[in-house]
Ligand SMILES: *Cc1c(COP(=O)(O)O)cnc(C)c1O
C-alpha cells in the first residue's frame, strides 16, 4: 500500500514538480483531462494580449514580416518536432488533425499507386476512420478500407496494402502500439505507415525518425496545451518530401505564394502541405504553450507518467472489487499511454458526479471512464485524492442524482 506520506515524499523529490506553477489551474480541482484539453500555461494569456495589441493592433499587416507570422507554422512545427523525435524541417503546425490526416493519407496513397488497400484499427478514433472513408469515396470503389482489431493488424497487411494508418495510443483504452515494430512489419510488406499521435505528443517521448515512420499527424490542444481548437501538426519523413504531393493545393503551399502565379508549383519539403492563411492567434497561443516543454526531459515525463498511472491503478483496486469498475488499460508499461480507463455500466453518471466533486475526467461511449495523467501539472498526492473522491461518489451513491444522467452535447 502506498500511503499519503509516501506520495508526499514522491512530490518532494519530483524533478517535474516545479512545472506545475507554470500552469493556471483552478484551486482544489484535480484535472485528469489534459488528454482532451490541456490546461492553460500561464504565459499564454500575456503573450496573446501582446500579439493582439502590439502585432495586430499596432503593426498590422507589416507583422507578417516584422513578427514572422509567415513562418509561424514552421517555427511551431520545429518546437513540436523535438517532442516527437523528428527534425525541425519535418513538421509543421497547421489545420486540424482531421484535415492533416486527409492531406497525408492522399499523399501516401499516391506514393503507392499500384496498391488499393488502406488498413486501420476498427477501434481507431472515429474522425480518422471517417477521413479514410471520404478519401476512399473520392478515389473510387477500387479502393478498400480494411478495418481490423488490434491483434489482427499484422495479418491484414499484404502486397495490396498501400497504407497502414494507426493511432499510437487508443483514445478509449490507452493501449499503445509498438511503433517501431509495427512500422517495420508494414514496411516489409511495402506499405507506408501514418501514425496519429493525438495521445502521444507531449505525453511521452515519441521517436518518429528512429522508428522510420513515413507520415504522422497529431493534436495541438491535448498534451501540448495549445488551447481549444489549437492548430494540429503534420510530419513528413524527409525521404518522402520530394515525392509526396499535397492535393489540398492552396497558395500557402506554393513555392512562392506572393508571385501570384496562376499555376500551382509545390513548395520545398513539408511546406507544401500548408494550405491557406495560418490562424495567427491560435498558432501564437500554441507557440507560447510549447515553451513549457523547453527545459523538460521527456524521459522524465514518461517515468512520472508511469508512476502516476501505476499508483492510480493500485488505488482503484478496492473500488474495482467493491463497485465493479473494470480496468481496460494495459498494466504492462510498454503497452500503456498516459491515461487509465475503466468500464462501468453507469460510467456517464459516475463521471458527472465525479466532476461535481472536483475531479475532471471524461466519459467515452459506450461505458468508459477515462482519466488522463499529465506529469507537468499533476502531483502524486492528486492521484490519492482523486481515488478518495471517486470512492465517496460510489459509497454515498452521489452518481444516482437525476441531474447526472442528462447527456450534454459534449461528453
Ligand atoms: C482528438 C483526436 C483527434 C481530433 O481531431 P480534430 O481534427 O482535431 O478534431 C483525431 N484523432 C485522434 C486519434 C484523436 O484522439
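Read-outs: derived from the displayed coordinates by stated rules, not from any lab. None of the values given here were measured: they were computed from a predicted structure. Heads up, the Cβs are rebuilt from the backbone with ideal geometry, glycines too, and the neighbour counts pull from every protein chain shown.
With a/c under 1.5 counting as rounded, go ahead and sort the stretch 88-186 into rounded, prolate or oblate using the C-alpha gyration tensor (a ≥ b ≥ c being the square roots of the eigenvalues; past the cut-off, prolate if a/b is larger than b/c, else oblate).
Values: a/c = 1.32, a/b = 1.04, b/c = 1.27.
Taking the square roots of the gyration eigenvalues as a ≥ b ≥ c, the stretch 88-186 is rounded.
May I ask you to derive the relative contact order of the stretch 101-170, considering only C-alpha pairs under 8 Å and at least 6 residues apart, and to give it as an integer percent?
Values: 92 pairs, mean separation 33.7, N = 70.
Reported relative contact order: 48 percent.
Compute the helix-to-body angle for 380-395: its Cα long axis versus the longest principal axis of the chain, expressed 0 to 90° and rounded to tens.
Tilt of helix 380-395: around 60 degrees.
So what's the back-of-envelope 222 nm ellipticity for the chain, counting only DSSP H runs of four-plus at -39500 (n - 2.57) apiece and dividing by all residues, rounded to 500?
Values: 12 runs with 139 residues, N = 411.
Helix-only estimate at 222 nm: -10500 deg cm²/dmol.
When the chain is modelled as a GNM with alpha-carbon springs shorter than 10 Å, which of 302, 142, 239 fluctuates the most?
With Cα springs under 10 Å in the chain, the top fluctuation among 302, 142, 239 is at 142.
Can you tell me which of 286, 139, 83 moves the most in a GNM of the chain? Springs connect C-alpha atoms under 10 Å apart.
Largest GNM mean-square fluctuation: 139.
If I model a spin label as a point 7 Å beyond the Cα along the Cα-Cβ vector, how far apart are those points for residue 48 and residue 158 in nm?
Label-label distance for residue 48 and residue 158, simple model: 5.1 nm.
Can you sort 333, 67, 199 by how many other beta carbons sit within 10 Å, fewest first?
Working: 333 12, 67 18, 199 26.
Final ranking by Cβ density, sparse to dense: 333, 67, 199.
Which of the three applies to the chain, rounded, prolate or oblate, going by the alpha-carbon gyration tensor with a ≥ b ≥ c and a/c under 1.5 meaning rounded? All intermediate terms of the calculation are to be shown ahead of the outcome.
Details: a/c = 1.95, a/b = 1.34, b/c = 1.46.
Note, shape of the chain comes out oblate.
With everything on Cα atoms, drop me the angle between helix 126-139 and the longest principal axis of the chain, reported from 0 to 90° to the nearest 10.
Value to nearest ten degrees: 20.
Name the most mobile residue of 80, 99, 61, meaning the one with the largest mean-square fluctuation, in a Gaussian network model of the chain with Cα contacts below 10 Å.
For the chain, modelled as a Gaussian network with Cα springs under 10 Å, the answer is 61.
What does DSSP give for the chain in terms of the percent of beta bridges that are antiparallel, rounded to the nearest 5?
Details: 23 of 42 bridges.
Close to 55 percent.
What is the fewest-to-most order of 22, 168 by other Cβ atoms lying within 10 Å of their Cβ?
Working: 22 16, 168 25.
Going from sparsest to densest Cβ surroundings: 22, 168.
Could you line up 323, 31 from fewest to most neighbouring Cβ atoms inside 10 Å?
Details: 323 17, 31 21.
Ascending number of Cβ neighbours within 10 Å: 323, 31.
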